[in-house]
Amino acid sequence: MNRFNGGAAKRHRETKQRQIVLEAVQAHRDHPCAEQIYEDVCKIDDKISRGTVYRNLGCLAADKKIYHVRVPGADRYDSRTDSHYHIICMRCGTVEDVPLDYREDIDLTIAEMTGYTHLRHRVVFEGLCNKCLKAEAEQGR
Ligand SMILES: [Zn+2]
Ligand SMILES: [Zn+2]
C-alpha cells in the first residue's frame, strides 16, 4: 500500500468511526454518558478504543451534530441539538428534557444589561424523579 492509499484508508476508518459514534448517540433518548456510548459502540466495532470514542464525541459536539450536556457527575450527550433545558435526578442521575421553551428573551435582556454578545444560557434543574420518589415512599412504609 503506498502512502496516499494508506492515508485514504485511515481517513475512511476515521469517518466510519465517527458515524458509528454519532448513530450510537442518536439511538438514545436518555442523555447517555460517554462510557455508555463507548459500550454501545464496542458492540459494533470491538477494535475501537475508549480514547477514540471520547475524542469523536468531543468533535461531534464541537460540530454541533450532538449536544454536550454538562450536569453534575458525568458529561452527557444528547442527539437533540436545539437549545433546551434539562432536569437531573439527584438520586439516580437520570437526565431528561424539560418541556419548556427556550427563553430567548432572557438572553436579550442580559445582552442589554451587560453589553455581552452571542448570549445563550444552559439550565439544569435538579430534583427527585418519580421513580426515586416511589422507591422512597415504599421504603418508608
Ligand atoms: Zn431518580
Ligand atoms: Zn436533552
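The numbers here are math on the coordinates, done by the rules we state, and not lab data. Everything numeric in this text was worked out from a predicted model, so none of it was measured. All Cβ positions, even for glycine, are placed from backbone atoms using ideal geometry, and neighbour counts span all protein chains on display.
A few notes on this one:
- Looking at Tyr67, Tyr102, just one residue is touching a strand residue (DSSP E or B) at 6+ places or on another chain (Cβ under 7 Å) and either of a type in the set (A, V, I, L, M) or under 27 Å from Lys131 (Cα atoms) (or both), and that residue is Tyr67.
- Residues that are of a type outside the set (Asp, Glu) and surrounded by 14 or more Cβ atoms within 10 Å (Cβ to Cβ) were ranked within segment 91-106; the one that is farthest from ligand 2 (Cβ to nearest atom) is Arg91.
- Qualifying residue in segment 78-86 (condition: surrounded by 11 or more Cβ atoms within 10 Å (Cβ to Cβ), touching a residue at least 12 places away in the same chain (Cβ under 8 Å) and of a type in the set (Gly, Ala, Ser)): yes
- Contact map, segment 19-31: residues that are within 15 Å of Ile44 (Cα to Cα) and touching a residue at least 40 places away in the same chain (Cβ under 8 Å) paired with residues that are assigned to a loop (DSSP other than H, G, I, E, B) and of a type in the set (A, V, I, L, M, F, W, C), Cβ distance under 6 Å, separation 6+ or inter-chain. Pairs shown: Val25/Ile66.
- Segment 73-84, residues that are out of contact with any strand residue (DSSP E or B) (no Cβ under 7 Å at 6 or more places or on another chain) and either closer than 30 Å to Glu136 by Cβ or away from ligand 2 (no atom under 14 Å from the Cβ) (or both): Gly73
- Among the residues listed as Pro99, Pro72, the single one being more than 22 Å from Ala24 (Cα to Cα) and within 16 Å of ligand 1 (Cβ to nearest atom): Pro72
- Residue satisfying all of: in segment 122-138; among the hydrophobic types (A, V, I, L, M, F, W, C) and either within 9 Å of ligand 1 (Cβ to nearest atom) or closer than 27 Å to Ser83 by Cβ (or both); surrounded by the fewest Cβ atoms within 10 Å (Cβ to Cβ) among these: Phe125
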